[in-house]
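Peer 1: Pasting in a structure now, in structure tokens, and then I'll have a few things to ask.
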Amino acid sequence: MDILHSPVVEQAIRLAAMAHKSQKRKASGIPYISHPMSVCLILTKAGFHDEDILAAAVLHDVVEDTNFTIEQLTEHFSEEVIQYVSEMTEQKETTEGEKRSWRERKQDHIEVMQQATLGARAIELADKLHNLEAMLFDLRSEDIDEFWKHFGASPTEIIQYYRSMIDAAGQSDQQLETLVHNCNARLDELKKYLP
């Protein structure tokens, strides 16, 4: 009999749900945990069933967007999970504690993805796909100009960033083709909503 439950993924879900419990998505205002759970679902549908990749997908924003640290995660998860989460985590501040610009953070993260493991690149593409899907969903029910005000960059910069990140994470890797294709299709659709 196939075992359908994963204690590792369950632990990741519980930790992420607690870490993100007071956070909401930018435009929609729905609970933030919907995002990492959707990323996990996308990966499963794309054929990724490795527990460490799925657990890291659920945890991928915990270090970047909450008070949890990589060191705290190491108490609960394998080296593989920690590596994927580390590769997914943008450095939002300088070593002196100053906030880094959106452009600088994104450029650095693109460079990280160019060297990242397959697992992290798969999570990155699933993350981008869910963000694009959510943006399109929100745009259908919100004023276009108001929608773009939720972001720390211009619509053109956001489109360019997504295109660069999809290329960096995809790297013509056959295992990632479905994710890349879906990301590019949603990105082309998003361009129709440029103000």
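The values are calculated or read from the model by the stated rules, or taken from the named source; none is laboratory data. Bear in mind that the values here come from a model prediction, so they are computed numbers and not experimental data. Every residue, glycine as well, gets a Cβ built from its backbone with ideal geometry; the counts of neighbours run over all protein chains shown. Accessible surface areas use protein heavy atoms only, side chains included; no ligands, DNA or RNA. Shrake-Rupley method; radii C 1.70, N 1.55, O 1.52, S 1.80 Å.
Peer 1: Across segment 133-195, what fraction of all alpha-carbon pairs, as a whole percent, falls in each successive 5 Å bin from zero upward?
Peer 2: The distribution over segment 133-195 is 3, 17, 27, 23, 14, 9, 5, 1, given as percents.
Peer 1: Heavy atoms of the protein only, probe of 1.4 Å, neighbouring chains included. What is the accessible area of Thr156 in Å², nearest 10?
Peer 2: The accessible area comes out at roughly 80 Å².
Peer 1: Still on this structure, please answer the following. First check a/c for segment 3-193, with a ≥ b ≥ c the square roots of the eigenvalues of its C-alpha gyration tensor; if it is under 1.5, answer rounded, and if not, answer prolate when a/b is larger than b/c or oblate otherwise.
Peer 2: Taking the square roots of the gyration eigenvalues as a ≥ b ≥ c, segment 3-193 is rounded.
Peer 1: Just to verify a number: FRET efficiency for Thr74 and Gln160, C-beta to C-beta distance, R0 = 45 Å, to 0.05?
Peer 2: On the way: r = 35 Å, r/R0 = 0.78.
Computed FRET efficiency for Thr74 and Gln160: 0.80.
Peer 1: Leaving ligands, DNA and RNA out of it, work out the accessible area of Asp52 with a 1.4 Å probe and give it in Å² to the nearest 10.
Peer 2: 40 Å²
Peer 1: Given a cut-off of under 8 Å on Cα pairs at least six residues apart, what relative contact order in percent is computed for the chain?
Peer 2: 20 percent
Peer 1: Using helices alone, what [θ] at 222 nm do you get for the chain, with -39,500 (n - 2.57) per DSSP H run of 4 or more residues, divided over all residues and rounded to the nearest 500?
Peer 2: -19500 deg cm²/dmol
Peer 1: In what order, largest first, do Trp102, Trp148 sit by accessible area if the probe radius is 1.4 Å?
Peer 2: Accessible-area ranking of Trp102, Trp148, largest first: Trp102, Trp148.
Peer 1: Express the carbon and sulfur contribution to the solvent-accessible surface of the chain as a percent, rounded to the nearest whole number, probe 1.4 angstrom.
Peer 2: Answer for the chain is 49 percent, counting heavy atoms of protein chains only.
Peer 1: Next up: Per residue, how much accessible area does segment 135-195 have with a 1.4 Å probe, in Å²?
Peer 2: Values: 3410 Å² over 61 residues.
Per-residue accessible area for segment 135-195 comes out at 56 Å².
Peer 1: A follow-up question, please. Taking 0.36 nm per residue of separation and subtracting the Cα-Cα distance, what length does fully extending Ile110 through Asp2 add?
Peer 2: Numbers: separation 108, 0.36 × 108 = 38.88 nm, distance 3.76 nm.
Gain on stretching Ile110 to Asp2: 35.1 nm.
Peer 1: Further, regarding this structure: Between Thr94 and Ile30, what's the calculated FRET efficiency when r is the beta-carbon distance and R0 is 41 Å? Round to 0.05.
Peer 2: 0.80
Peer 1: Could you tell me whether segment 13-113 comes out rounded, prolate or oblate from its Cα gyration tensor? Rule is a ≥ b ≥ c as square roots of the eigenvalues, rounded for a/c under 1.5, then prolate if a/b exceeds b/c, otherwise oblate.
Peer 2: rounded
Peer 1: For the chain, modelled as a Gaussian network with Cα springs under 10 Å, which listed residue fluctuates most, Lys128, Lys24, Lys149?
Peer 2: Lys149
Peer 1: Where the centroid of each part is defined by its Cα atoms, how far is segment 154-195 from segment 19-85 in Å?
Peer 2: Between the Cα centre of segment 154-195 and that of segment 19-85, the gap is 21 Å.
Peer 1: Could I ask something else about it? Cross-link candidates for Lys192: which lysines have Cα within less than 29 Å, leaving aside residues fewer than 8 places away along the same chain?
Peer 2: Candidates past the 8-residue exclusion: Lys24, Lys26, Lys45, Lys106, Lys128, Lys149.
Peer 1: On to the next question. What residue among Gln23, Ala168, Phe77 has its Cα farthest toward the positive end of the dipole of the chain, where the charges are +1 on Lys, Arg and -1 on Asp, Glu, each on the Cβ?
Peer 2: Gln23
Peer 1: Which shape class, rounded, prolate or oblate, goes with segment 49-162 when its Cα gyration tensor gives a ≥ b ≥ c as root eigenvalues, a/c under 1.5 marks rounded, and past that a/b bigger than b/c marks prolate?
Peer 2: prolate
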